[in-house]
Amino acid sequence: MTTLYLVRHGETDNNKAACFNGSKTDQPLNGRGLAQAASLAAPFAEILPDVVFSSPLRRAVGTAEGLRGTLSVPIETVEGLREMDMGAYDGVSFAEVRVRDPELMANWNRADVQMPGGECFSKVQERVFHTIVGLVAKNRGKTLAVVAHGTLLQLFLMRLWQVPWQEKSTLPILHNAGYATLQIADDGHVTLLCYDEIGHLPPLLSDGGSLEPRRETPRPSLGHDLVGKTLLFADFAQ
């Protein structure tokens, strides 16, 4: 049995300002993001991951370091975990892009959405899916923490649970320093144990920092509906 923790990085200034936060603007964590990352140390001191994999971007590496805390576990950066290239809109606010490119935003839930000068959803989804399947294949029987990005992890979970593109918004992006947990059997059965866990975050660190404000009671979503469900995925079979 392999246990996989999918962790979104802590807050950056782009998150705070509600801007696209892709791979071109390699921002570090801001002050709140550093505190969010540090808050991950307590739960992961009990989880005891065997290895921490991280996107090479600074906000992810900083979160991985906070998560590791005092544990003596390696942090390995993986290029395939890099966030989607948002092209010309990297660092631009969502509100401004809605005005500048209303057609793009109107078609946001389509596989072929192409960021000008950047990547498209479907290709990024294939990249992250094969990256994580490969990490699991090389580390069977271990407990793995993967620290990456909101859009990237959303696309991975969509592919895993076969969420149609037109229903993309039903699987909301994890909140900053939130995580999802998957249990993967050697025969390919995958169970979602939790989705968007933020119990480790004090109230002042758990609101905002995403596409919508944090609510005391999470908005019902497909992610929460899938908790406890088990499906067979041949890609994960040994």
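Give me a count of the residues in the stretch 118-143 that are under 28 Å from residue 71 (Cβ atoms) and either buried (at least 22 other Cβ atoms within 10 Å of the Cβ) or basic (Lys, Arg) (or both).
5
Would you mention how many residues in the stretch 1-20 are buried (at least 20 other Cβ atoms within 10 Å of the Cβ), assigned to a loop (DSSP other than H, G, I, E, B) and touching a residue at least 60 places away in the same chain (Cβ under 8 Å)? Steps first, please.
Going through the stretch 1-20, the residues buried (at least 20 other Cβ atoms within 10 Å of the Cβ) turn out to be 2, 4-12, 14-15, 19-20.
Subsequent filtering for residues that are assigned to a loop (DSSP other than H, G, I, E, B) retains 9-12, 20.
Of the ones still in play, those that are also touching a residue at least 60 places away in the same chain (Cβ under 8 Å) are 9-11, 20.
So the answer is 4.
Given (1) on the phi > 0 side of the Ramachandran plot; (2) in a helix (DSSP H, G or I), identify the lone condition not met by residue 117.
The single condition residue 117 does not satisfy is (2).
Could you tell me which residue of the stretch 173-190 is surrounded by the most Cβ atoms within 10 Å (Cβ to Cβ), considering only residues that are farther than 24 Å from residue 41 by Cα and not charged (D, E, K, R)?
Within the stretch 173-190, the subset farther than 24 Å from residue 41 by Cα is 185-190.
Now restrict to residues that are not charged (D, E, K, R): 185, 188-190.
Values: 185: 15, 188: 14, 189: 15, 190: 20.
Looking at residues that are farther than 24 Å from residue 41 by Cα and not charged (D, E, K, R), I get 190.
May I ask you to list the residues in the stretch 76-127 that are without any contact (Cβ under 8 Å) to a residue 40 or more places away in the chain and hydrophobic (A, V, I, L, M, F, W, C)?
88, 99, 104, 105, 106, 113, 120
All of the numbers you see were taken from the coordinates with simple rules; none came from a lab. Predicted, not measured: the structure shown is a model, and the values here were computed from it. Neighbour counts run over all protein chains shown; Cβ positions are idealised from the backbone, glycine included.
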